[in-house]
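Right, one structure below, let's go through it.
Please treat every number below as a calculation from the coordinates, not as lab data. Predicted, not measured: the structure shown is a model, and the values here were computed from it. We place every Cβ from the backbone using ideal geometry, glycine too, and count neighbours over all the protein chains shown.
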Amino acid sequence: MSALRMYERLGMDEDGVECLAMADRFGEAKEKCRNLPDFHTNPKMLNMYGDLCQDESYYKKAWKVSEKKYAKAKRSLARVHFYNGKF
């Protein structure tokens, strides 16, 4: 049994998305992430979706949804700006 199947069976959707991303199955990871019931209110999933799509607006939304508590969103946004020379 694959790790993905185990995560799905246990209801560990976030870990399933991470598993797909690590397996370079980005299209499936994006779809699974978007279809999660709490996608728009879950900072971790918004941040991961930003990583998958390379869209900094999702990092900003994760920061806002978390009420400025999900530090990984700010680190991800900083990483994007650093690599794009916007510092």
ask   = Over the chain, what relative contact order in percent results from Cα pairs under 8 Å that are six or more residues apart?
value = 18 percent
ask   = Taking the chain as a Gaussian network, Cα atoms linked when under 10 Å apart, which of Glu31, Glu56, Glu14 shows the biggest mean-square fluctuation?
value = Glu31
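If you place +1 on the Cβ of every Lys and Arg, -1 on the Cβ of every Asp and Glu, and leave all else neutral, what size is the dipole of the chain about its Cα centre, to the nearest 20 Debye?
Numbers: 17 positive and 13 negative charges, 98 e Å.
Magnitude of the dipole: close to 480 debye.
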request  = Identify all aspartates and glutamates with a Cα-Cα distance to Lys61 below 17 Å; exclude those on the same chain that are fewer than 8 residues away in sequence.
outcome  = Asp38, Asp51
task = For the chain, set up a Gaussian network in which alpha carbons nearer than 10 Å are linked by springs, and say which option among Ala71, Ala62, Ala21 fluctuates the most.
result = Ala71
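Figure the gain on full extension for Glu28 and Asp55 (residue separation times 0.36 nm, minus the Cα-Cα span) and round it to one decimal in nm. Spell out each step's value before the answer.
On the way: separation 27, 0.36 × 27 = 9.72 nm, distance 1.71 nm.
Between Glu28 and Asp55, full extension yields an extra 8.0 nm.
Using Cβ contacts closer than 10 Å as the measure, can you line up Glu8, Glu67 from fewest to most? Working shown, then result.
Numbers: Glu8 15, Glu67 8.
Listed from fewest to most nearby Cβ atoms, that is Glu67, Glu8.
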